[in-house]
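Only the coordinates and a few stated rules stand behind these numbers; no lab work does. Just so it is clear, the model here is predicted, and its values are computed rather than measured. We place every Cβ from the backbone using ideal geometry, glycine too, and count neighbours over all the protein chains shown.
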Ligand SMILES: [Zn+2]
C-alpha cells in the first residue's frame, strides 16, 4: 500500500458543502483520503507531511469544458495578436496595437529562421487596430526572399507577401474569389476563406490534422493547462483517426502528465450502431487521463462572423441570417440517433435560433428514446435567455456559456452585431443558474486564451474591453463562478464523481493559487497568480 | 513533363436530393478515367462486391481504377492528399454536405495551381426542392446552392421537370438544367469526358449527348480565347482541352455551363485539342464546329 501524504495549505477551498474550507488534505493512491486539519488522516495510519504548498491556497483543479488542443500547433508560429498572450513555455507575448509593432516582431522572427523556412504568424486581429490595413508591401519589407504568411485570428483570412503570392501564381489574371486586390488589379496580399488560402497553406506545410495529438504538442497543451490551474480539459471537435487516438492515449498516459483530456469527437456515422461501435473502439483507449465517450456537433457559425443563426430582429447591420453547418432536419436526425445510441453530445450553438432548434431536437429525441441521464450540453449558447434556459432545465440539458466573449467581443456585439439590448443579456450566467441549470463557462482556447480565473472574472464582472459593464443583471457571485469552473464544468463532462471538488474519494487534482479568490476584490480575480497544479497527488513544479 | 492538373468537380444539393445515387452511377459507369470520389460518409455508397478490389476504413478501391474515400478532418487538406497521390487521379469529385455552399469548395480548384476547375453540379430534387427553397430556416442556403451551380441536375422527375421548377431555377441561375433521369450516362456531365464517343458502346438506345472534338494548329492569345469561349453555344455543357498560344506555352481550358476557366498550360501545347459535349436535344455537332471555325 502506498503512503499517505498530508498537504498543508494556507487555505483549501473544497467546493464540498460539507466542509467548505480546510487547511490540510491527505492523499493516497492519487486520491483524496481526508480533508481537515493536520490530523485529518491520522486514523488511516502513518502519514507523511508535505509543506511544499504550505503558503498557497488550494482549489479543486479547474475544469476547462470547452477548449481545443490545436492551440499548441499555433505556437510553432509567431504570435502577432492584439492581446497579450503567454506561450506554452510561459513566455509572455505582449499584444501588438499597431502595424509597425507587428512588422518589427515579424522582422525579429525572420532573423531567426533557417534559409528556406517560411515565416508564419498567427492571431492578427485588424478590428482592434486603427492604423492602415496590412498589405503585401508591408510584408515584403519584412523579407522578400521567402513566403511570409500572417493568419488572422478569425481563421478566415490571411495576408501574404509577394513571394507567397508568386509561389501559388496569384496575379492580376487570377480568377479566384477571395484574392483581394489593389485598385490597379494586382493582389494586395489579403486572401479570404479557405479555398484561396489552402494553396498557400499546402505549400508551407500547414496541416494541423494530426499534429495536435502528437507527443510534443500534447505536452505543450499540458503546460498551458498547468499554468492556468486546469487539471481537466476538453478537446472539443477532435476529428480523430485511430492512429491519432492511439498517439494521444500514449502521450497522456505517463503518471506526471498534468491534465486529464476529455475529447469530444466529431463523427460522420449515420446509424446508432456505427457510432456506438466507433465510440466503443475509442473507449478502449481510455485511462485515468483520457476519456473518449462524447461527440461534438456543430450547428451554426459565430455571432461576430455574422454566421450564427439568430432569431428576429436579426443582425443590426441588416446582414442576412447566418449559416447552418447542419440543416435543422439533420440536427433532429443526429440528436435522435445519438440519444438512441446513448452517446452524450456537446452541441455548438451560438445564435438563439440554433439553440431553439437544438432544444426542439433534444426534446423530440428525449420523447423517442428516453434517457434521463443524457446530460447533453449546449456549447456557447450565447443568446439563450430565461425561456430557453427553462426548456433546457426541463430536458436535463446543461449549458457551457462563453463568458470570455463579454470582454473580448462585448463592445462589438453591442455596436455591430446584435445591438445593446441583446448584448446585455448574452452569456447570461445569472439566468442560467436561476433556471437551475448545470452551467460551465469557457475560453474556447485558442479562440481566447485558456484561463478559468479570467473566465470567472468575466462572468462575475461582465467588463468589456472599453470598460463598460455589459448587462450587470447577469453578473454572478465569485463562489458561483468558482463553482462553474470546477463542479459545474465537471458535471457537464459527467465526471463530478471523480473531480471538481476536494473531498474524500475524489482524485487529488488541485489548482495551486497564490491568494484566496474569495477574499480578494472580485475585479482582481483575473490577476490572481496560479502557481501550478497537483494532478493525482503529484505536485507539478511551482511556476 | 509536368503532372497534369487535377480537375475538381463538386456535387452539391440537399440531403436526399440524389447525390449519392449520382455518385454510385458515376463509379459504375465505363468512363475509362481513374476518378477519386470523396464523400462525407460511406454509409450510402453501394458498390457491388465484384467491383471492389479492396475496402479498408476510409478508402474503397474499385476494379475500374476509381477510388472512393471519406474526406476526414479537413476537406482542404484532403484535397492536398488527392494531389499528392501517385499516380495522380484523372479527376477528383467531391460530394458537398447537404447544406454546404459548393462554391466554397470548388473555388479551391481555381486557386490551386495544380488543380483545374471542373465545375459545380447541383442535384435538384424535382419533388422537394420548391418547398426547401421556401423554408424559412434553410431556404437561403438552398437557393444559394443553385445560384452558384454550373450544371443543374434534376432528379426524381419521373413525369418530366415541372415548368414552374424550370422557371424558378432559371431565375436563380443561367446554368443548363439537365434531367438526369434522361441521361444515358452521368460521367460526361461530371467529368467532361467523351468516352462513349471514343469507340465505346453508346448508352441504351437514346444517347442524350452530342460530342465534338477538334484537333488543329491555331494559336490564340488569352483574350482571343476568352472572347471565343464566351460566344460558345449556350446549350453546351462542357468544353475542355488545350489551346496553343502565339507567345506562351498555351492554355488549359475548362468550360462548365456558364463558367469559363483558362489557366496557363503546364507544358508547351503543340496542337490545339478540344472536346465539348451538349444535349442532343438542343445542339448538333455541326453547330459546335461552326462556332469554333467562324473567324
Ligand atoms: Zn470551440
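Could you line up B:69, A:429 from fewest to most neighbouring Cβ atoms inside 10 Å?
So the residues, fewest neighbours to most, are B:69, A:429.
What span do the alpha-carbon atoms of the range B:1-114 cover on each of the three principal axes, reported in whole Å from largest to smallest?
Computed over the range B:1-114, the largest-to-smallest principal extents equal 37, 37, 25 Å.
If eta is 1.306 mPa s and T is 10 °C, what Stokes-Einstein diffusion coefficient results for the range A:1-109, Kirkwood Rh from Cα pairs, in µm²/s?
Reported coefficient: 90 µm²/s.
For the range A:296-476, just say rounded, prolate or oblate: build the C-alpha gyration tensor, square-root its eigenvalues into a ≥ b ≥ c, call rounded for a/c under 1.5, and beyond that prolate if a/b exceeds b/c, oblate if not.
prolate
By what distance, in whole Å, do the Cα atoms of the range B:209-293 stretch along each of the three principal axes, largest value first?
Its Cα atoms span 39, 22, 18 Å along the three principal axes.
List B:220, A:523, B:1 from most exposed to least, where exposure is judged by having the fewest other Cβ atoms within 10 Å.
B:1, A:523, B:220
Separation of the range B:207-231 and the range A:236-256 by C-alpha centroid, Å?
54
Tell me, what is the percent relative contact order of the range A:71-203, built from C-alpha pairs under 8 Å that lie six or more residues apart?
With pairs under 8 Å counted, the relative contact order is 19 percent.
Could you give me the radius of gyration and the Dmax of the range B:6-193, taking only the C-alpha atoms into account and expressing both in angstrom?
Here Rg and the maximum Cα pair distance are 16.0, 47 Å.
How crowded by other chains is A:323-336, given as the mean number of beta carbons from other chains within 10 Å of each beta carbon?
4
When the C-alpha atoms of the protein assembly as shown are aligned to their principal axes, what extent does each axis show, in angstrom, from largest down?
100, 62, 53
Defining a contact as two alpha carbons under 8 Å apart and six or more residues distant in sequence, what relative contact order in percent does the range B:6-193 show?
Averaging sequence separation for qualifying contacts and normalising by length gives 28 percent for the range B:6-193.
Give the Rg/Rh ratio for the range A:310-359, taking Rg as the radius of gyration of the Cα atoms and Rh as the Kirkwood radius, to two decimals.
Value, to two decimals: 1.06.
Provide the FRET efficiency to the nearest 0.05 for the residue A:364-residue A:281 pair, computing r from the beta carbons and using R0 = 25 Å.
0.30
At q = 0.21, 0.23 Å⁻¹, what is the log10 ratio I(q)/I(0) for the range A:179-264, with the Debye formula run over Cα points and no solvent?
For the requested q values the scattering log ratios are -0.97, -1.08.
What ratio of Cα Rg to 2.2 N^0.38 Å holds for the range A:364-431?
1.30
Based on the alpha-carbon set only, what is the convex hull volume of the range A:71-203 divided per residue, in Å³?
107
Restricting to DSSP H runs of at least four residues, report the calculated mean residue ellipticity at 222 nm for chain A, -39500 (n - 2.57) per run over all residues, nearest 500 deg cm²/dmol.
After summing the helix terms and dividing by residue count, I get -8000 deg cm²/dmol.
Could you work out which residue, out of B:121, B:219, B:175, moves most in a Gaussian network model of chain B, that is, has the largest mean-square fluctuation with Cα springs under 10 Å?
Among B:121, B:219, B:175, the largest GNM mean-square fluctuation belongs to B:219.
If I fit a long axis through the Cα atoms of helix A:193-203 and take the longest principal axis of the Cα atoms of chain A, what angle between them do I get, 0 to 90°, rounded to 10?
90
Roughly what % of Cα-Cα distances in the range B:1-57 sit above 19 Å, to the whole percent?
It works out to 37 percent of all Cα pairs.
Other chains' Cβ within 10 Å of A:194-204 residues: what's the mean?
6
Can you tell me, using C-alpha contacts under 8 Å and at least 6 residues apart, the relative contact order of the range B:209-293 as a whole percent?
41 percent.
Taking neighbour counts of Cβ atoms within 10 Å as a proxy for exposure, in what order, fewest first, do A:254, B:168 appear?
A:254, B:168
Taking the highest mean first, how do the peptides A:463-474, B:88-99, A:209-220 order by number of other beta carbon atoms within 10 angstrom per residue?
For the peptides A:463-474, B:88-99, A:209-220, the packing ranking is B:88-99, A:209-220, A:463-474.
If you take each beta carbon of peptide B:99-110 and count the beta carbons of other chains within 10 angstrom, what is the mean?
5
Cα centroids of the range A:481-496 and the range A:310-351: how far apart, whole angstrom?
Comparing the Cα centres of the range A:481-496 and the range A:310-351, I get a distance of 24 Å.
Using a Gaussian network model on chain B with a 10 Å cutoff between Cα atoms, which of B:252, B:29, B:218 fluctuates the most?
Highest fluctuation of the listed residues: B:218.
In whole angstrom, note down how far apart the Cα centers of the range B:1-75 and the range B:237-267 are.
Centre-to-centre distance over Cα atoms comes out at 26 Å.
Please give the helix A:242-251 orientation as an angle from the longest Cα principal axis of chain A, in degrees from 0 to 90, rounded to the nearest 10.
Computed tilt is about 50 degrees.
Divide by every residue of chain B the summed helix terms, -39500 (n - 2.57) for each DSSP H run of at least 4, and state the resulting mean residue ellipticity at 222 nm, rounded to the nearest 500 deg cm²/dmol.
The helix-only estimate for chain B comes to -7000 deg cm²/dmol at 222 nm.
For labels at residue A:130 and residue B:86 in the simple 7 Å Cα→Cβ model, what's the distance in nm?
5.6
Give me the orientation-averaged projected area of the Cα convex hull of the range A:58-135, in nm², one decimal.
Mean shadow area of the hull around the Cα atoms is 7.3 nm².
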